[in-house]
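Taking it in order: structure first as structure tokens, then the write-up.
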Amino acid sequence: MTSRTTPAAVAVAALLVAAATGCTAGNTPGGTPTPGTSAGTAGGRSPAPASAAPGGASASTGFTLVASGDVLPHDSIIRRAAQDAGGDGYDFGPMFAGAKGVVAPADLAICHMETVYGKEGGPYTGYPAFKSPPEVAAALKATGYDSCSTASNHALDDGAAGLRRTLDALDAAGIRHAGSARTAEEAARPTLMKAGGATVAQLAYTYDTNGYPLPEGQPWAVRLLDESTVIADARAARAAGADVVVVSVHWGTEWQTEADQRQLSLGRALTASTSGGRPDIDLIIGTHAHVPQAYEKVNGTWIVYGMGDQIAGDMINHEGSYDPRGNQGTLGRFTFAPPKSPGARWEVTKAEFVPQWFDTGRGRVVNLGAAGDGDPRHTSIRETIRQVVLSRGAEKDGLTMGK
């Protein structure tokens, strides 16, 4: 488990060492356009009818859950949002529009908000210490997201104040959140939401905070990744009424398409944990690597090791080179059915991945699952993502590519 008390000097050094890491966005021409806590229906949304989307489910038969990867507003993304707003503030909605057809029909949709928000009016910054416009939250809501994980290595880029502003803005937009907290009481309560006939808990954790120590007197501010903590929290969520427990984890090795040993070992341990013969965790959603990683069913539970980025500028890898994989990702769509017997788990009856690409030249998400335009770029990227996603044998367990 990463230390919570790394000195500030180490934090500065960590940022310097990371100057060419995956959260960096380059300035290639295509990427630089000019300028909650109690249970309730997710996002106030009525359960979607069975015909709402491929794999959709009504309340009587279960629910669909959609999850997506890192939302990472680099400087070029902020400039694009200013341009899309026509010179009056920031509008991130058009960027996400390509994902809305998958996100909005789901009974429950989860994103990963990797960065914290700056003060109203700015200044706003990209890498290495992000402060994003709070207008991102409104765009997430308009796209159809109900909740976001907020535990990441950038969660303390602007200290406790940035963390608080972020959660305040998500609250104002009507988006639930998990993984960071403003008070000890908030940190102690699981994020519970209604989806179809189920109560769903979202828990979220990060491997580190880029060396920044947790705020003094606030050891609960960001949930750090630790096996025993995750299992204890999952059991507590179950005791609080969760039928389904979803764990969002910010983990893995940047720019590595293969899951690393910690992801594999921790994934096995978490999915093996049971109480009363029932798994403690029903789904694991991973972020951070900036590239798509495999889906795998482990001990009967689906793990997405890495979703890839949903929104990001042109990405620079550890070698200092532009890497197009940093704008590739997936949306995971999982259909859950009610237990077949009392005390049994809610089963995933359909598992899908929807390949997506963020076109930095246009500043738009492209749903590659639905793109039938014959564009050779789309075909190539879709196939690259498909091979990575299925690289650990998920196809034999029923994973399919959706639209």
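The values are calculated or read from the model by the stated rules, or taken from the named source; none is laboratory data. From a predicted model like this one, the values you see are computed outputs, not experimental measurements. We place every Cβ from the backbone using ideal geometry, glycine too, and count neighbours over all the protein chains shown.
Counting only residues that are crowded, with 19+ Cβ neighbours inside 10 Å and either under 14 Å from W220 (Cβ atoms) or not small (G, A, S) (or both), how many does the stretch 166-186 have?
10
Say whether the condition of being closer than 17 Å to I110 by Cβ and buried (at least 23 other Cβ atoms within 10 Å of the Cβ) is met by at least one residue in the stretch 258-277. Even if it seems obvious, please write down each step before you answer.
In the first step, residues of the stretch 258-277 are kept if they are closer than 17 Å to I110 by Cβ; the result is none.
Scanning the stretch 258-277 turns up no residue that is closer than 17 Å to I110 by Cβ and buried (at least 23 other Cβ atoms within 10 Å of the Cβ).
Please go through the stretch 119-139 and pick out each residue that is surrounded by 23 or more Cβ atoms within 10 Å (Cβ to Cβ) and either farther than 21 Å from D157 by Cα or of a type in the set (V, I, T) (or both).
V136, A139
Would you mind finding the one in A204, A181 that is within 19 Å of the chain's Cα centre (by Cα) and closer than 24 Å to A106 by Cβ?
One residue alone meets the criteria, A204.
Among the residues of the stretch 318-327, are any in a loop (DSSP other than H, G, I, E, B), surrounded by fewer than 23 Cβ atoms within 10 Å (Cβ to Cβ), of a type outside the set (G, A, S) and touching a Pro at 6+ places or on another chain (Cβ under 9 Å)?
The answer is no; no qualifying residue exists.
Within the stretch 360-403, count every residue that is of a type outside the set (D, E, K, R), at pLDDT 95 or above and assigned to a loop (DSSP other than H, G, I, E, B).
Counting residues in the stretch 360-403 that are of a type outside the set (D, E, K, R), at pLDDT 95 or above and assigned to a loop (DSSP other than H, G, I, E, B) gives 10.
For the stretch 268-279, which positions are touching an Asp or Glu at 6+ places or on another chain (Cβ under 8 Å) and assigned to a strand (DSSP E or B)?
Within the stretch 268-279, just T274 meets the criteria.
Quick one: count up the residues across the stretch 347-368 that are surrounded by fewer than 23 Cβ atoms within 10 Å (Cβ to Cβ) and either closer than 30 Å to D243 by Cβ or touching a strand residue (DSSP E or B) at 6+ places or on another chain (Cβ under 7 Å) (or both).
Summing the residues that are surrounded by fewer than 23 Cβ atoms within 10 Å (Cβ to Cβ) and either closer than 30 Å to D243 by Cβ or touching a strand residue (DSSP E or B) at 6+ places or on another chain (Cβ under 7 Å) (or both) in the stretch 347-368 gives 8.
With the checklist (1) under 30 Å from T349 (Cα atoms); (2) in contact with a Gly (Cβ under 6 Å, 6 or more places away or on another chain); (3) surrounded by 24 or more Cβ atoms within 10 Å (Cβ to Cβ) in hand, flag the one item V116 doesn't pass.
(1)
Is it fair to say A312 is in contact with a helix residue (DSSP H, G or I) (Cβ under 8 Å, 6 or more places away or on another chain) and aliphatic (A, V, I, L, M)?
Details: in contact with a helix residue (DSSP H, G or I) (Cβ under 8 Å, 6 or more places away or on another chain): yes; aliphatic (A, V, I, L, M): yes.
The answer is yes for A312.
Conditions (1) modelled with pLDDT under 95; (2) under 18 Å from the mean Cα position of the chain (by Cα), marked per residue:
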| site | (1), (2) |
| --- | --- |
| A48 | yes, no |
| H74 | no, yes |
| R80 | no, no |
| A85 | no, no |
| F92 | no, yes |
| G98 | no, yes |
| V103 | no, yes |
| P123 | no, no |
| Y145 | no, yes |
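Out of D397, D309, report the one residue that is of a type in the set (D, E) and closer than 24 Å to Y207 by Cα.
Values: D397 fails: closer than 24 Å to Y207 by Cα.
D309 is the lone residue from the list that is of a type in the set (D, E) and closer than 24 Å to Y207 by Cα.
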